[in-house]
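In what follows, a structure is listed as structure tokens, so that the remarks can point back to it.
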Amino acid sequence: MHKFKKILFIIISSLIIITVVVILIISPITKYLVKKYDEKYTGRQITLGRVFVNPLNGYIHLSNLKIYELKSDSIFFSADGVGANIALRKLFFKTYEISKLTLTHPRGTIIQNDKGFNFNDLINNFFPKENSGTTKARVHLNILHVKIKDGEFYYREQLIPINYFIKKVSIESTGIRWNADTIAAKFSFLPGTGGGDIKGDFTINLKNEDYRLAFVAHKYDLNIIEQYIKDLTNYGSFSANFDANIKAKGNLNDQENIAVSGQLAINELHFGKNPKVDFASIDKLELGITELNPKNLKYIFDSILLTHPYFEYERYDYLDNLQTMFGRKGANIKAVKASTEKFNLVIEIARYVKVIANNFFRSDYKINHLGIYKGDIKFDDFSTSEKFALELNPLTVIADSIDKNQNRVNVSLESVIKPYGNISATLSINPRDSSDFDLQYHFQKLPVSMFNPYIISFTSFPLDR
């Protein structure tokens with residue numbers, strides 16, 4: 001018995017020593033192989049810090065991972081740590097399964113130049129076009145329980161140019177299996193500059209491209225819009241943020257196939273010559289969406305409210321403030337629209353809104369409450385020998401129960417006219433035929449002499465009072 005125990009002890013000790021030695025050896029071997037064959041199989045240089053591989057349970061951990069740009073010393077992707085659990089047993093059944101994948105503080109950069117991206121070479125390496133005459137045994141790949149902690153991702157577009165990033169990115173997903181089409185994940189992130197945050201979840205079917213999305217945003221900064229606006233204008237500045245609590249479902253291949261409900265608000269929007277001089281601004285635009293479904297011809301809104309909108313139109317001897325900014329007759333906008341090389345987010349949003357709103361008057365539409373409050377509209381004409389100025393402030397427009405099924409829809413307008421006068425108007429319109437309407441308007445205490453800049457230009461004689 002004593003001799004048997006001694007033999008058993010030696011065997012167990014030997015196995016432990018062999019295991020430890022294998023673990024200690026296989027980790028530096030793995031690091032060496034990555035360093036030796038990185039460019040051969042990926043086309044990119046890859047560097048690693050500490051590597052730990054446990055062949056017994058399939059656990060791998062890479063620290064200080066860096067993947068460089070193609071033939072460059074710039075970093076394409078890096079992570080403080082990458083941990084993966086590989087299901088070793090399933091390798092014998094031609095199934096590669098990462099049962100858990102964790103990325104700690106990953107940092108990635110997407111660069112777009114013309115229509116190409118800085119990761120196109122990786123796609124070509126790992127997903128080459130298959131020859132139609134060859135058949136290969138299918139390999140199954142599962143990546144499960146994916147977690148990204150404290151990520152930071154950059155997007156750079158070189159033609160416009162655009163430089164934008166998000167930080168504190170957190171993503172948790174159940175992953176994807178080779179025999180399943182659906183991916184689901186929860187996410188949250190902050191803008192790289194400015195305030196606010198976004199969090200939500202999504203589900204997408206990779207086969208038919210149906211999706212579901214729900215997200216909540218708090219005062220999320222829209223400074224990325226300014227970078228695209230600079231491509232459309234000769235000068236100017238833009239700032240805004242938004243709140244949202246939106247649920248949506250649809251299909252990526254059909255723009256009209258979307259169903260949206262929830263609340264959306266654009267806050268503190270400013271657009272003008274510079275951050276201190278506005279041509280247009282909005283304190284708040286609120287949309288209460290009950291059901292927005294263009295494909296099923298439904299546009300049901302609980303409310304559309306606009307608080308303190310401001311707009312200033314200036315006319316000069318040559319052009320006006322809008323054409324000075326956007327080019328003669330919108331030449332800058334037309335040039336960007338005509339370009340097939342550039343992606344402009346502002347243009348794409350405008351096109352998408354046009355697609356969604358295309359069927360509005362042919363649909364079942366309803367707006368329980370439409371309101372414009374504390375409006376301020378200015379008109380300054382410098383093209384005459386004497387400046388002409390007119391302002392509507394405060395401007396109020398109210399309409400309740402805008403419903404296609406009603407016989408008439410009533411809209412009321414009231415405003416003070418500066419420097420003198422008042423205006424009020426009521427509009428009654430047939431919701432099924434916009435050419436059928438009744439309009440009553442009243443101007444009060446509006447001095448005709450304020451129009452002398454035009455009267456003098458056409459007659460050479462002013463009106464005193």
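The values are calculated or read from the model by the stated rules, or taken from the named source; none is laboratory data. None of the values given here were measured: they were computed from a predicted structure. Glycine also receives a Cβ, built like all others from the backbone with ideal geometry; neighbour counts cover every protein chain displayed.
Quick notes on this structure:
- Residue count for segment 356-375 satisfying the condition of being touching a strand residue (DSSP E or B) at 6+ places or on another chain (Cβ under 6 Å) and either loosely packed, with under 13 Cβ neighbours inside 10 Å or at pLDDT 90 or above (or both): 11.
Every residue, every condition in (1) within 28 Å of Leu390 (Cβ to Cβ); (2) touching a residue at least 40 places away in the same chain (Cβ under 8 Å); (3) among the polar types (S, T, N, Q), yes or no:
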position: Ile304; (1), (2), (3): yes, yes, no
position: Tyr310; (1), (2), (3): yes, yes, no
position: Glu314; (1), (2), (3): yes, yes, no
position: Gln323; (1), (2), (3): yes, no, yes
position: Gly330; (1), (2), (3): yes, no, no
position: Ala335; (1), (2), (3): no, no, no
position: Phe343; (1), (2), (3): no, yes, no
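- Test result for Tyr352, of a type in the set (Ser, Thr, Tyr), closer than 30 Å to Gln255 by Cβ and surrounded by fewer than 16 Cβ atoms within 10 Å (Cβ to Cβ): yes
- Any hit, segment 205-213, residues being touching a Phe, Trp or Tyr at 6+ places or on another chain (Cβ under 7 Å), modelled with pLDDT of 95 or more, among the hydrophobic types (A, V, I, L, M, F, W, C) and surrounded by fewer than 17 Cβ atoms within 10 Å (Cβ to Cβ): yes
- Residue within segment 419-430 that is farther than 18 Å from Asp403 by Cβ and either among the aromatic types (Phe, Trp, Tyr) or surrounded by fewer than 11 Cβ atoms within 10 Å (Cβ to Cβ) (or both) present: yes
- Within segment 54-67, residues that are surrounded by fewer than 17 Cβ atoms within 10 Å (Cβ to Cβ) sit with their Cβ atoms under 7 Å from residues that are assigned to a loop (DSSP other than H, G, I, E, B) and not aromatic (Phe, Trp, Tyr), at 6+ positions apart or across chains, in these pairs: Ser63/Gly49; Ser63/Arg50; Asn64/Leu48; Asn64/Gly49.
- Test for Asn253: is it of a type outside the set (Gly, Ala, Ser) and surrounded by fewer than 18 Cβ atoms within 10 Å (Cβ to Cβ): yes
- Cβ pairs under 6 Å, 6+ apart, first in segment 105-129 and in the same structural domain as Glu152 (by TED's automatic domain parsing), second modelled with pLDDT under 85: Asn113/Gln158; Asp114/Glu341
- Single condition Ser339 does not satisfy, out of (1) within 23 Å of Tyr235 (Cβ to Cβ); (2) modelled with pLDDT of 90 or more; (3) of a type in the set (Ser, Thr, Tyr): (2)
- Segment 361-394, residues that are in contact with a Lys or Arg (Cβ under 9 Å, 6 or more places away or on another chain), among the small types (Gly, Ala, Ser) and in a loop (DSSP other than H, G, I, E, B): Ser363, Ser383
- Near pairs, Cβ below 6 angstrom, 6+ apart or cross-chain, from segment 247-263 (free of Cβ contacts under 8 Å to residues at least 40 places away in the same chain) to any residue that is among the charged types (D, E, K, R): Lys249/Arg212; Asn257/Lys295; Ala259/Lys249; Ser261/Lys247; Ser261/Glu291; Gly262/Lys247
- Condition check for Asn274: in the same structural domain as Lys404 (by TED's automatic domain parsing), of a type outside the set (Gly, Ala, Ser), more than 25 Å from Lys378 (Cβ to Cβ) and loosely packed, with under 15 Cβ neighbours inside 10 Å: no
- Val397 falls short of the stated requirement of being among the β-branched types (Val, Ile, Thr), part of a helix (DSSP H, G or I), modelled with pLDDT of 90 or more and in the same structural domain as Leu319 (by TED's automatic domain parsing).
- Among (1) surrounded by fewer than 17 Cβ atoms within 10 Å (Cβ to Cβ); (2) among the aliphatic types (A, V, I, L, M); (3) under 22 Å from Ser99 (Cβ atoms) - the single one Ile75 does not satisfy: (3)
- When Lys295 is tested against (1) more than 30 Å from Lys378 (Cα to Cα); (2) modelled with pLDDT of 95 or more, exactly one condition is not met: (2).
- Here is the figure for segment 406-465: residues that are part of a strand (DSSP E or B) and among the basic types (Lys, Arg) total 1.
- Odd one out for Ile224 among (1) among the aliphatic types (A, V, I, L, M); (2) surrounded by fewer than 16 Cβ atoms within 10 Å (Cβ to Cβ); (3) touching a Phe, Trp or Tyr at 6+ places or on another chain (Cβ under 8 Å): (2)
- Test: residue in segment 154-162 that is touching a residue at least 40 places away in the same chain (Cβ under 8 Å), within 22 Å of Lys342 (Cβ to Cβ) and part of a helix (DSSP H, G or I): no
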